[in-house]
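Chemist: The structure's right below; bear with me while I get my questions together.
The values are calculated or read from the model by the stated rules, or taken from the named source; none is laboratory data. Keep in mind the model is a prediction, meaning the values are calculated, not measured. Here the Cβ positions follow ideal geometry from the backbone for every residue, glycine too, while neighbour counts run over all protein chains shown.
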Amino acid sequence: MRLAKHLAHAGVASRRAAEALVFAGRVVVDGEVVTDPARDVTGDEAIAVDGRSVRRAPERRVVYALHKPPGVVSTAKDTHGRRTVVDLVRSPGTRLYPVGRLDADTTGLILLTDDGDLAHALTHPRFEVPKTYRAHVRGGRVSERALQALRDGVRLEDGMTAPAKVRQPHAGLLELTMHEGRKRQVKRMCEAVGHPVERLERIAFGPLVLGDLAEGGVRRLTQPEVERLRKAARVP
Ligand code: URA
């Protein structure tokens, strides 16, 4: 589709006014100023007018999976100038939001998207999207009793935790699947049963798994993967 027509469809301006915006050099496509209103676009590009990104149609929004390294914060901006997960994803002209949070020292799967509704639904406890963590804990083998306590719910200062799936693939390594996402929840739960966490990694988020994505690696989710996420979060 022609760029000016695309801008008009996106509600930026009338077709004629959109052409004028393009001629005036006020439109950026994938980080590059474009002055030809007839430039062909698919709608997958990141397009901005006067520095403000043009909202993609819902079926064109992007979701990235990042294997977060340690020491990177998962807010969109850090007040102390530390590297953020957004800094690790190259997506010119697109405003990305991290979906939920991981502690700075936690590694593993975090999603980033320009779709605010999807991000909200994926992190809202009401939609109960499960997340799976792998926790290396201190204190050796975790007793069956402690495992059962983690499954049934443990008392934390902000209340009982909801039931979780917990298994111990080998002594001192726990795999926990839970729907809640309270602050430092996995660490606090493990500590509550006498096994502080040494290292924490998230290996799945809803229907998506970290798989063999290398630490620091990023990949854009395919359309079928995004559809599965929407289904998991019950976003139409
Ligand atoms: N639980 C934690 O304790 N930390 C995380 O980063 C995520 C879940």
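Chemist: Only one of these is basic (Lys, Arg) and either closer than 30 Å to Asp105 by Cβ or part of a loop (DSSP other than H, G, I, E, B) (or both): Arg16, Arg55. Name it.
Modeler: Arg55
Chemist: Scan the range 121-132 and report the pairs whose first residue is in the same structural domain as Ile203 (by TED's automatic domain parsing) and at pLDDT below 80 and whose second residue is part of a helix (DSSP H, G or I) and surrounded by 19 or more Cβ atoms within 10 Å (Cβ to Cβ), with Cβ atoms within less than 8 Å and a gap of 6+ or a chain change.
Modeler: Phe127/Ala121; Phe127/Ala233
Chemist: Any chance the range 150-173 includes a residue that's more than 13 Å from the ligand (Cβ to nearest atom), under 16 Å from the mean Cα position of the chain (by Cα) and not basic (Lys, Arg)?
Modeler: Checking the range 150-173: not a single residue is more than 13 Å from the ligand (Cβ to nearest atom), under 16 Å from the mean Cα position of the chain (by Cα) and not basic (Lys, Arg).
Chemist: Would you pick out the residues in the range 60-81 that are free of Cβ contacts under 8 Å to residues at least 12 places away in the same chain and of a type outside the set (S, T, N, Q)?
Modeler: Correct list: Lys77, Asp78, His80, Gly81.
Chemist: If you don't mind, there's one more thing I want to ask. Tally the residues that are over 13 Å from the mean Cα position of the chain (by Cα) and either in the same structural domain as Ala48 (by TED's automatic domain parsing) or more than 16 Å from Leu213 (Cβ to Cβ) (or both), restricting the search to the range 70-94.
Modeler: So the count comes out to 13.
Chemist: Report whether or not Arg60 is more than 16 Å from the ligand (Cβ to nearest atom) and among the charged types (D, E, K, R).
Modeler: Here the answer is yes, as Arg60 does meet what is asked.
Chemist: Condition first: of a type in the set (Val, Ile, Thr) and closer than 22 Å to Arg219 by Cβ. Can you find one or more residues in the range 20-35 that meet it?
Modeler: no
Chemist: Select from the range 79-119 the residues that are hydrophobic (A, V, I, L, M, F, W, C) and part of a loop (DSSP other than H, G, I, E, B) and write down the one among them that is nearest to the ligand (Cβ to nearest atom).
Modeler: Leu102
Chemist: Okay, moving on. Test Val197 against the criterion of being surrounded by 20 or more Cβ atoms within 10 Å (Cβ to Cβ), within 16 Å of the ligand (Cβ to nearest atom), within 19 Å of Glu157 (Cβ to Cβ) and in contact (Cβ under 8 Å) with a residue 60 or more places away in the chain, and give yes or no.
Modeler: yes
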